[in-house]
């Protein structure tokens, strides 16, 4: 993150190399920002610009530029996010195929691109051409047979290991913050937490480069979550170019919310879904102004990606489906079953993954991150290669599962027994009995499903960029397709049963297994992340099928209900709790009857509150107090006897002010008295020079009385974004409640471990 | 606006990349468009795929499927089953993107090898025994950038460009070391 120290605009070329000077107003790492102060600083800045704009034309133009800077930032974010997503897609496409072979005419082409101009492709083998050769053909000139298979297998594993090892080494050496999904940390950052370097330039570069490597290595992870992190890094980078955003942490978070929307938009090709995802999942405060700007950023990003055109046919995402066959009310029953499956799988995944991540955090497993990545990659590659459904990339698998079987498909999944006398046009093929290829595909899919369920638990959370949208959708799509084929065959062979009789006549096209795959994918994704509206919107923007909203909603609602019955947290909230971030969730309800006195510090038996007095402490006393305690701030009272509250002073600002005063002001020594009053009194002539610190005092700290119910206190913290709140009784200061105390109290009330809250 | 030149340089290079990519998308190769017709099996003819380099208005069965495998009266029935799609790609974009990606990856790998293997050897030769005494103190620190602290202390006095660059680099190394400690060692963030 760029510090505020080098934002001056003057100075020579090498200024950016100097260490930034921390001035009053920046925050320390791993601390929470003061939302109210940021908001009031922004209002002050805006008022100053507005009043100056009436002075001259140049000032007026400057005020216009300031107003438009928000839109310029959104435009730049959209352009960069779209470009990076296009680069990632093209590079993943190429590197995934590199594990299996190489294009001899031009090495930068993937398999499909290599055979694009070839005339050798046949109906059954659409990707065959002489320019593309598998590794066995290249090295030992054999393409069939046991030795060719073993050589291909071996080289597949070697390439996967090579990519994964490179990725984890790059992450370890250059940008350790680039690992993981990024969404839990971004949620925490957007709620007001500071993690310096998390959205930095090196993190951006390394995350982009290593994301391509890990997706190409065949590991069971996706790139959607990391793309949100990449987009937020772009947002942070562009907002640091404009002082309106770089100096104000609250405004910067508006830009980051919009950048997150752009990230999801390019990941799924779903601009509206991206905005809703940012609103529902990622953002903390989402004013209406941000809604419109997020939409703009998401649209620009989607448009940029489309103009780069990574998939060659102006589609944004790999699994765009085009069928519009209707669905029937009786099919809601299997859709709801898929929703239940999605909810159960989500619960299972969250519990197992959190248990495994906790083990990684606390035992010796966490000391060998590189070895862990290599072992998991080796296991994934060894088990994935024999099954054709896991050998190819997960996006291609989902695309094939979503597709309807027309007459033009020749894959094993579409190996139905055709009626030779059939004369129907292309997209109205009736239900047919399954051929042997379909049965083979069914058990291969079942094995792939079990494998993916198990391996994703161990993959998500390793020290490489990893997302989990695509693996969840793959699990759901496989389950859905199997259910769909089952229902289709049931309808074909038993069309005289009462449930099928009304809507499925023989010779009609009733059941579309591809739709079941889509519904299954939505159910599993909803079960894991607990998204609601944004999930449905993303799914129908992905597929273009507005008529499928009702099945998608039914499955999403069912999976959320089933999953919520077992635990209230989605995967991202669970990871936030695992890391102990100070995230006060807006979705949690606090319904206990405790009062502010039960939570405030100091409790009975603890040391009394460390306070500063307004005119009776010397500089030495203040410095001793700061050195002996590690509180983030100190209340200022009138005197130790009458503990009437004046204001609140932050630790960091005290330290900086005292250091500045000692260096710059004459006469300030350790015996000087510190005054927080407006006008220090007249002193006798040979007393040391007083130190006036009224300007760093916050004169309006938030206070509640001791009988305020905790419900109200939690609400205040949540809605205003407070860091601490003072407790008074009849005007006298009693104690302090910090955000950490609130979180610990909530954890205690929910019977969780209150010591797991780590940050303030 | 900030004079963060590193940021502007990066912005300019990214804009150049974007311009090149979009230029590449505009400058179409004649090889980059095609009409692809997929025809399923019909009677005793097997399924076939036909590619031809025609414009979008000519992209249909009659123009693309040559030679027609079925005799005259069956052509219409055969063509009804075929599906023709117009596709275009940009080979220049693909080439530029892959080559730029591979060069960035190569540069990062070289820098990583330099930082982890070459630099400690060079520093050891330059500073000799005093370095060895200091490195005995933090014996567990076998990670890259382990000597960032003392280099920082040494170079704080001089103030020319090269030393400024080295100073910035050492500061960056310290930051990365802190991040690595939080993530990998203490498991405080991102576990």
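The values are calculated or read from the model by the stated rules, or taken from the named source; none is laboratory data. Everything numeric here is computed off the predicted structure, so don't read it as measured data. Positions of Cβ are generated from backbone atoms using ideal geometry, with glycine treated the same way; all protein chains shown enter the neighbour counts.
Among the residues of segment A:530-553, are any more than 27 Å from residue A:291 (Cα to Cα) and within 23 Å of the chain's Cα centre (by Cα)? Before you say what the answer is, go through the steps one by one.
Here is the first cut: in segment A:530-553, the residues more than 27 Å from residue A:291 (Cα to Cα) are A:551.
Still in the list and also within 23 Å of the chain's Cα centre (by Cα): none.
No: zero hits.
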(message) If residue A:354 meets every condition in (1) within 14 Å of chain B (Cβ to nearest Cβ); (2) in contact with a helix residue (DSSP H, G or I) (Cβ under 9 Å, 6 or more places away or on another chain); (3) within 21 Å of residue A:214 (Cβ to Cβ) apart from one, which number is that one?
(response) (3)
(request) Would you check which residues across segment B:37-48 are surrounded by 19 or more Cβ atoms within 10 Å (Cβ to Cβ) and within 9 Å of another protein chain (Cβ to nearest Cβ) and list them? (result) B:38, B:39, B:40
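Look through A:290, A:304 and report the one residue that is free of Cβ contacts under 8 Å to residues at least 40 places away in the same chain and over 15 Å from the mean Cα position of the chain (by Cα).
That would be A:290, the only listed residue that is free of Cβ contacts under 8 Å to residues at least 40 places away in the same chain and over 15 Å from the mean Cα position of the chain (by Cα).
Looking at segment A:572-591, which of the residues that are more than 14 Å from chain B (Cβ to nearest Cβ) and crowded, with 18+ Cβ neighbours inside 10 Å is modelled with the highest pLDDT? Step through it out loud before you land on a result.
In the first step, residues of segment A:572-591 are kept if they are more than 14 Å from chain B (Cβ to nearest Cβ); the result is A:573, A:584-591.
Cutting the leftovers down to crowded, with 18+ Cβ neighbours inside 10 Å gives us A:573, A:584, A:590.
On the way: A:573: 93, A:584: 88, A:590: 83.
That would be A:573.
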(message) For the condition outside the structural domain of residue A:714 (by the TED database), in contact (Cβ under 8 Å) with a residue 12 or more places away in the chain and assigned to a loop (DSSP other than H, G, I, E, B), what is the one hit in A:537, A:586?
(response) A:586
(message) I'm told residue A:501 meets every condition in (1) crowded, with 17+ Cβ neighbours inside 10 Å; (2) at negative phi except one. Can you identify the failing condition by its number?
(response) (1)
(request) Taking only segment A:26-49 into account, find how many residues are more than 14 Å from residue A:244 (Cα to Cα) and surrounded by fewer than 16 Cβ atoms within 10 Å (Cβ to Cβ). (result) 2
(message) Going by what's in this entry, would residue A:150 be described as more than 14 Å from chain B (Cβ to nearest Cβ) and either surrounded by 16 or more Cβ atoms within 10 Å (Cβ to Cβ) or touching a strand residue (DSSP E or B) at 6+ places or on another chain (Cβ under 7 Å) (or both)?
(response) no
(request) May I ask you to list the residues in segment A:97-123 that are outside any loop (DSSP other than H, G, I, E, B), more than 19 Å from residue A:411 (Cα to Cα) and in contact with a strand residue (DSSP E or B) (Cβ under 6 Å, 6 or more places away or on another chain)? (result) A:101, A:103, A:114
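Whether any residue in segment A:373-380 is outside the structural domain of residue A:164 (by the TED database), farther than 21 Å from residue A:162 by Cβ and surrounded by 15 or more Cβ atoms within 10 Å (Cβ to Cβ) is what I want to check. Steps first, please.
Looking only at segment A:373-380, we keep the residues that are outside the structural domain of residue A:164 (by the TED database), and these are A:373-380.
Pick out the ones that are also farther than 21 Å from residue A:162 by Cβ and you get none.
The answer is no, given that none of the residues of segment A:373-380 is outside the structural domain of residue A:164 (by the TED database), farther than 21 Å from residue A:162 by Cβ and surrounded by 15 or more Cβ atoms within 10 Å (Cβ to Cβ).
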(request) Take segment A:674-691 and flag every residue that is surrounded by 17 or more Cβ atoms within 10 Å (Cβ to Cβ) and either under 15 Å from residue A:728 (Cα atoms) or modelled with pLDDT of 85 or more (or both). (result) A:674, A:675, A:676
(message) I'd like to check which helices (runs of 4 or more DSSP H) are fully inside segment A:124-232 and have at least 2 residues that are under 30 Å from residue B:48 (Cβ atoms) and in contact with a helix residue (DSSP H, G or I) (Cβ under 8 Å, 6 or more places away or on another chain).
(response) A:135-140, A:146-174
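What are the residues in segment B:63-107 that are part of a helix (DSSP H, G or I), more than 13 Å from the chain's Cα centre (by Cα) and more than 10 Å from chain A (Cβ to nearest Cβ), if any?
So the first thing to find is which residues in segment B:63-107 are part of a helix (DSSP H, G or I), and the list is B:63-64, B:72-81, B:91-107.
Narrowing further to those that are more than 13 Å from the chain's Cα centre (by Cα): B:63-64, B:72-81, B:91-92.
Within segment B:63-107, B:63, B:64, B:72, B:73, B:74, B:75, B:76, B:78, B:79, B:92 qualify.
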(message) If residue B:117 satisfies all but one of (1) within 12 Å of chain A (Cβ to nearest Cβ); (2) at pLDDT 85 or above; (3) surrounded by 15 or more Cβ atoms within 10 Å (Cβ to Cβ), what's the number of the condition it fails?
(response) (3)
